[in-house]
Amino acid sequence: DDPTISPPPPPPPPSSALAPALSSGLAEVWANGSFSDCRLVPRSGEEFAAHRLVLSARSEHFRELLAPTASAVTAAAIRLSVDAERPLVEAALRHVYLEAPPPDGLSHEELLALRELAGLWRLPSLLHATASRLVAILSPANVCATLR
């Protein structure tokens, strides 16, 4: 061992430009639906264009559902029914693509339904965001209504 030889320098930190560029790109494909290969269909029947890669990267539920060996997956675009109302599916997808918080103005019933969808899709950050919003609007009246 030669004491004059130093170890190689540590690798540089990840590029700080990647996160904003990736966020911007995700916002763009969410807004225009380009390159979508999946459709999520809430109870209303209106379709939301989505991307298997994005859904799978953000949600363990979709990772399992959209795995190449899953029966729902084919080479063509897939159409997945979602047992939820349109505004809640949109809010969950906005969170997946944009890390957006639950929209303002949701009732406690809608927040509970969004939280249920976040649990199904296994989105811990949306579970936390809906819980925080629910705590902020907690009242005896909505607790009693929920427990009925």
Cβ pairs under 7 Å, 6+ apart, first in the stretch 104-127 and without any contact (Cβ under 8 Å) to a residue 12 or more places away in the chain and farther than 12 Å from ALA91 by Cβ, second open to solvent by 10 Å² or more (accessible area, probe 1.4 Å) and hydrophobic (A, V, I, L, M, F, W, C): GLY119/LEU127
Selection count where residues are in contact (Cβ under 8 Å) with a residue 40 or more places away in the chain, out of contact with any strand residue (DSSP E or B) (no Cβ under 7 Å at 6 or more places or on another chain) and of a type outside the set (Gly, Ala, Ser), scope the stretch 38-64: 8
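Step by step: first the residues of the stretch 35-66, then only those that are acidic (Asp, Glu) and over 12 Å from LEU80 (Cβ atoms), then the one that is farthest from the chain's Cα centre (by Cα). Which residue is that?
Checked the stretch 35-66; the qualifying residue farthest from the chain's Cα centre (by Cα) is GLU46.
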Residue satisfying condition, being closer than 25 Å to ALA27 by Cα and not small (Gly, Ala, Ser), within set LEU112, LEU117, LEU134: LEU117
The lone exception for PHE35 - which of (1) modelled with pLDDT under 95; (2) at negative phi; (3) out of contact with any His (no Cβ under 6 Å at 6 or more places or on another chain) it fails: (2)
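Residues of the stretch 96-120 being under 25 Å from ALA19 (Cβ atoms) and surrounded by fewer than 22 Cβ atoms within 10 Å (Cβ to Cβ), which ones?
TYR97, LEU98, GLU99, ALA100, PRO101, PRO103
The values are calculated or read from the model by the stated rules, or taken from the named source; none is laboratory data. Bear in mind that the values here come from a model prediction, so they are computed numbers and not experimental data. Note that each Cβ is placed from the backbone with ideal geometry, even for glycine, and that neighbours are counted across all protein chains shown. Quick note on the areas: whole protein, heavy atoms, side chains included, nothing else; ligands and nucleic acids left out. Shrake-Rupley method; radii C 1.70, N 1.55, O 1.52, S 1.80 Å.
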